[in-house]
1. List the number of the failed condition for Thr277; all other conditions in (1) within 23 Å of the chain's Cα centre (by Cα); (2) assigned to a helix (DSSP H, G or I) hold.
2. For region 16-38, which positions are closer than 22 Å to Arg299 by Cβ, of a type outside the set (D, E, K, R) and either open to solvent by less than 20 Å² (accessible area, probe 1.4 Å) or outside any strand (DSSP E or B) (or both)?
3. Do the conditions hold for Asp186, that is, is it at pLDDT 95 or above, surrounded by fewer than 17 Cβ atoms within 10 Å (Cβ to Cβ) and not polar (S, T, N, Q)?
4. Please work out if Ile159 is among the β-branched types (Val, Ile, Thr), surrounded by 19 or more Cβ atoms within 10 Å (Cβ to Cβ) and closer than 26 Å to Ile310 by Cβ.
5. Please state which one of Arg273, Arg234 is open to solvent by 70 Å² or more (accessible area, probe 1.4 Å) and either among the charged types (D, E, K, R) or under 30 Å from Thr184 (Cβ atoms) (or both).
6. I want to confirm something. Restricting to region 19-59 and keeping residues that are more than 21 Å from the chain's Cα centre (by Cα) and of a type in the set (S, T, N, Q), which single residue is nearest to Arg304 (Cα to Cα)?
7. Can you pull out every residue in region 96-154 that is surrounded by 20 or more Cβ atoms within 10 Å (Cβ to Cβ) and of a type in the set (Lys, Arg)?
8. Mind checking which pairs have a first residue in region 221-242 that is within 22 Å of Leu34 (Cα to Cα) and a second that is open to solvent by 50 Å² or more (accessible area, probe 1.4 Å) and modelled with pLDDT under 95, Cβ under 6 Å, 6 or more apart or different chains?
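The values are calculated or read from the model by the stated rules, or taken from the named source; none is laboratory data. Everything quoted here is computed from the prediction, not taken from an experiment. Using ideal geometry, Cβ is built from the backbone for each residue, glycine included, and neighbour counts are taken over all protein chains shown. Remember, those area values only see protein heavy atoms, side chains included, never the ligands or the DNA or RNA. Shrake-Rupley method; radii C 1.70, N 1.55, O 1.52, S 1.80 Å.
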Amino acid sequence: MKLASLKDGRDGRLVVVSRDLERYLPASDVAPTLQAALDNWHTARPALDKIAAKLADGEGDAFDETACASPLPRAYQWADGSAYVNHVELVRKARGAEMPATFWTDPLMYQGGSDSFLGPRAEITVVTDDVPMGISAEDAVSHIQLIMLVNDVSLRNLIPGELAKGFGFFQSKPSSAFSPVAVTPDELGDAWRGAKVHLPLLSTLNDSPFGKPEAGIDMTFDFGQLVAHAAKSRPLCAGAIIGSGTVSNKLDDGPGKPIEEGGVGYSCIAEIRTIETIKDGKPSTSFMKFGDRIQIEMRDASGRSIFGTIDQTVVEYKA
């Protein structure tokens with residue numbers, strides 16, 4: 001089943017979307033918003049499945065991704081992990097920082113701002129129902145109800161100053177942007193196994209392929225482990241969003257390579273800059289600038305978009 005929130009008020013209007021992303025039906029009789037559905041998920045899910053069945057029979061109106069807000073325009077919780085430790089290792093190596101051994105056994109995670117998410121337009125996130133404190137990683141998987149893509153934006157010039165304070169990100173992490181559609185794990189079929197998504201994450205920068213790393217490879221911590229880590233000392237409320245961190249693949253047990261050099265590319269410009277710094281002493285790839293466009297999506301085995309496309313252009317903010 002695929003769910004989206006059309007732009008309508010502060011929290012959007014919940015709709016069910018067909019598997020091919022061509023049609024939708026309103027879900028207001030079940031829940032006005034996605035958060036309301038998650039608050040009562042075990043009752044809402046069967047009713048939403050019935051709407052999805054109508055879409056499978058050909059009912060529904062034309063679906064337009066540009067009419068979507070974020071599936072959850074705001075959430076009670078947004079915590080982002082770093083499950084792809086390869087990415088963390090490269091970033092630390094480029095700045096000469098030692099890699100603690102515990103990074104391979106205990107997930108990194110930071111609390112992101114969740115009060116304002118951007119509409120769609122590179123990593124993976126899951127959305128939970130209510131998760132009890134102290135849950136095991138194995139049991140946490142059953143609380144994962146939805147999967148989305150996210151463009152987790154970083155303001156790189158602000159990060160060094162914030163990290164130097166030793167108190168984490170805040171100003172350097174503005175509003176993130178999520179895919180137009182959130183899907184239930186069963187929608188992915190065999191691609192959802194071991195609490196990981198086993199599909200390439202596709203990124204296109206200024207109309208050129210930038211990354212296609214396999215999300216199920218080199219993921220040190222699966223989503224069950226990430227959810228359990230977030231719930232170690234507190235329960236998670238329904239609608240909590242937990243991110244995987246930057247999807248990153250190694251190549252022959254070393255750093256990845258750009259697509260044009262036979263690699264799978266990257267999901268983060270900072271990663272290729274770290275590799276350039278390690279190799280050449282300085283980065284040669286520039287960060288995004290005004291006018292640059294990024295597109296992020298994931299396709300199934302038949303080539304169909306699963307979550308719709310995050311499609312964004314960098315523009316100057318004017319107060």
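1. So Thr277 meets the others, but not (1).
2. Within region 16-38, the subset closer than 22 Å to Arg299 by Cβ is 16-24.
Filter once more, so that each one left must be of a type outside the set (D, E, K, R): 16-18, 21, 24.
Answer for region 16-38, where residues must be closer than 22 Å to Arg299 by Cβ, of a type outside the set (D, E, K, R) and either open to solvent by less than 20 Å² (accessible area, probe 1.4 Å) or outside any strand (DSSP E or B) (or both): Val16, Val17, Ser18, Leu21.
3. Details: at pLDDT 95 or above: yes; surrounded by fewer than 17 Cβ atoms within 10 Å (Cβ to Cβ): yes; not polar (S, T, N, Q): yes.
So Asp186 passes the test.
4. no
5. Values: Arg273 fails: open to solvent by 70 Å² or more (accessible area, probe 1.4 Å).
When all the criteria are applied, what remains is Arg234.
6. Ser28
7. Residues satisfying the conditions do not exist here.
8. Note: pairs meeting the criteria are Cys237/Tyr76; Gly239/Tyr76.
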